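What follows is a short report on a single structure.
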Amino acid sequence: MIFNEQAECLSRSGLGELQGKRLKELVGRVSACPGFYREKLAASGISTGSISSIEDIRKLPFTSKDDLREQYPFKMFSKKIGQIRELHVTSGTTGNPIVVGYSQEDIDLWAEVIARSLCCAGALPGDMIQVAYGYGLFTGGLGLHYGSLKLGLTVIPCSSGQTKRQLKILHDFKPRILACTPSYALYMAETAREMGISAAEDGWEIGIFGAEPWSQAMRKEIEQRWGMSAIDIYGLSEIIGPGVACECHYKKGLHIAADVFYPEVIDPKTLQPLAPGYPGELVLTPLTKTGMPLLRYRTRDIVSIDYSVCKCGRSSPRISKVLGRTDDMIVVRGINIFPSQIEEVLLAIEGTEPHYQLVVDRGRNGLDSLEVLVELKDSFFSDEIKYLQNFENRIAKEIESVLSVGVKVRLVEPKSIQRSEGKSKRIIDKRNI
C-alpha cells in the first residue's frame, strides 16, 4: 500500500518542478519575516526573483545547529508564539537547547509524512501499534502517534520505559507493530527472555526503529531475536521529527518525502554537492513548513542518495542508512572512526552481545588510545584468563583490520554495560580536546 501515490510516485521532472515552485514560495516567506533569514538573504542579495528552479537552492546559505541555538528560544519562528501549536526541545550537552515550533499546518504535515512512513514499513489501516518512543519534548512518540491516527491504526501510547509492562502489553494485546529505538528493542529482547516470553509466539511482526544510527548487523540481530521485519525510519526534530524518510519492505534505502523535504548530499569539508552513491553529509530544506522554516539545514548525518525508482513503485529518492555523523565521528591518531564500523565487526563475531562502548583517552606520551568494551554472551563467558585473552586478541585484530588503527579490547560480563530505554551512549571521550 502507498499512502499518497500522487506525491510518492511523481516523475523526476514533475518532482523537480514542484520542488522549484515550493522553494520560491519558501524564500518569499522567510524574506517577508523580520529576523534571521531576512537579514541573511538581504546581505547576499537573494530574493524570490533569484529562484527560478530547485537548482537555485545552491545560492542559499546553509543553516547549522549553532545558528538555531543562537536564536534561542523563539527567534527562528516565522509566526507569533500565539500561532504556534506545539513546542519541542532537543536535548543538548552544552549551551542552549534547540526549540522547534510547529504550526497547525506543520502538525498536519507531520501526520502525513508519518502515515507515508508507516505504509512504507508495511502497516495497514486497522493494525495495532505499540509506540515505545518517548512522548513529551522528544519528538518521537507524538510523531508516530499523529501518523498512526492519520493512517487509521490503533495506538498503544506506551512511551519509553517500564519494560516489563511493555512486554505484558505485547503478550496480552498482541500488537502487530512496535516503534522504538533499536537499542531498546534489544534490551526488551533480553528482558523477555528473563520473563520466559517467547518471541516466536508473542513477537511483533514489524519493528520501526530510529532516533540513533544502527547497522545492518544490528538489524539482523533484532530480526533473529524477535522474528520480525526491522525497518529503519529517519528524522530529526529540527526538520520535523521522524517521518522524513523510511524504508519499505525491500530495505534498499529510506524513501525520503522529497516533495516536502529537499535533500542534498555534500562534502562536509568543501560543501560541494556529491554524485549519487557517494557518501557525504545530508542537508535538508523543509519546503512547506510554516512555523519554523529552515534553509539548507546541515544534519551532520552521513548518507548516500539513490534516485532510481524502487521495486515497491515509489519514485521518491532514497537515502542509505545513516553511516555515521560528522559530530559523532571520533578521530584517533588521524583516523576517522564511526561507532557503526565497530558494531558491524562485533556483531559478526559469534559470542558477542550487541552492547559495547568506546572509550577514547590520551596518554602522557600524547598518543590517543581507543578501548572497546565488549559484552560476551552468558554461554561464552569464562573464568579462564587465557581463553578471554585469546578472545580479546581476536576481536582486536578484526577491528584493526577495518579501522587501520590499533585498539584495546576488554571483555566485560553480560549486562555490565548500562542499558538505555532511549538513545544508547556509545562513546566516552576522556581527552581534553
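The values are calculated or read from the model by the stated rules, or taken from the named source; none is laboratory data. Here the structure is a predicted model, which is why all the values come from computation and not from measurement. Note: ideal-geometry Cβ built from the backbone for every residue, glycine included; neighbour counts use all protein chains shown.
A compact table of results
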{"item": "Criterion (of a type in the set (Val, Ile, Thr) and over 30 Å from GLU70 (Cβ atoms)) met by exactly one of VAL155, VAL100", "result": "VAL155"}
{"item": "Residue count for the stretch 376-417, restricted to those that are closer than 15 Å to ALA348 by Cα and in a strand (DSSP E or B)", "result": "1"}
{"item": "Those residues of the stretch 309-365 which are under 16 Å from ILE399 (Cβ atoms), of a type in the set (Gly, Ala, Ser) and within 17 Å of the chain's Cα centre (by Cα), in sequence order", "result": "GLY324, SER340"}
{"item": "Any chance ALA199 is in the same structural domain as LEU144 (by TED's automatic domain parsing), aliphatic (A, V, I, L, M) and either surrounded by fewer than 24 Cβ atoms within 10 Å (Cβ to Cβ) or under 20 Å from ASP378 (Cα atoms) (or both)", "result": "yes"}
{"item": "Failed item, numbered, when ARG165 is tested on (1) over 23 Å from the mean Cα position of the chain (by Cα); (2) under 23 Å from GLU353 (Cβ atoms)", "result": "(2)"}
{"item": "So GLY101, is it surrounded by 24 or more Cβ atoms within 10 Å (Cβ to Cβ) and within 24 Å of GLY291 (Cβ to Cβ)", "result": "no"}
{"item": "Of all residues in the stretch 377-404 being among the β-branched types (Val, Ile, Thr) and either within 23 Å of TRP214 (Cβ to Cβ) or assigned by TED's automatic domain parsing to the domain that holds ALA185 (or both), the one that is modelled with the lowest pLDDT", "result": "VAL402"}
{"item": "Sole residue being in the same structural domain as THR48 (by TED's automatic domain parsing) and of a type outside the set (S, T, N, Q), chosen from VAL345, VAL303", "result": "VAL303"}
{"item": "Residue count, the stretch 316-344 (criterion: closer than 28 Å to PRO242 by Cα and of a type in the set (Val, Ile, Thr))", "result": "6"}
{"item": "Selected residue (only one of LEU167, LEU178, LEU186 is touching a residue at least 12 places away in the same chain (Cβ under 8 Å), touching a Pro at 6+ places or on another chain (Cβ under 8 Å) and not hydroxyl-bearing (Ser, Thr, Tyr))", "result": "LEU186"}
{"item": "All positions within the stretch 98-141 that are in a strand (DSSP E or B) and either of a type in the set (Gly, Ala, Ser) or over 23 Å from ASP172 (Cα atoms) (or both)", "result": "VAL99, VAL100, GLY101, TYR102"}
{"item": "Sole residue being under 15 Å from LEU373 (Cα atoms), exposed (fewer than 13 other Cβ atoms within 10 Å of the Cβ) and not polar (S, T, N, Q), chosen from GLU413, GLU392", "result": "GLU413"}
{"item": "Number of the exception - LEU118 against (1) under 30 Å from LEU287 (Cβ atoms); (2) free of Cβ contacts under 8 Å to residues at least 24 places away in the same chain", "result": "(2)"}
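Okay, residues lined up against (1) under 24 Å from ASP202 (Cβ atoms); (2) of a type outside the set (Gly, Ala, Ser):
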{"residue": "ASP127", "(1), (2)": "yes, yes"}
{"residue": "GLY143", "(1), (2)": "no, no"}
{"residue": "TYR146", "(1), (2)": "no, yes"}
{"residue": "LEU153", "(1), (2)": "yes, yes"}
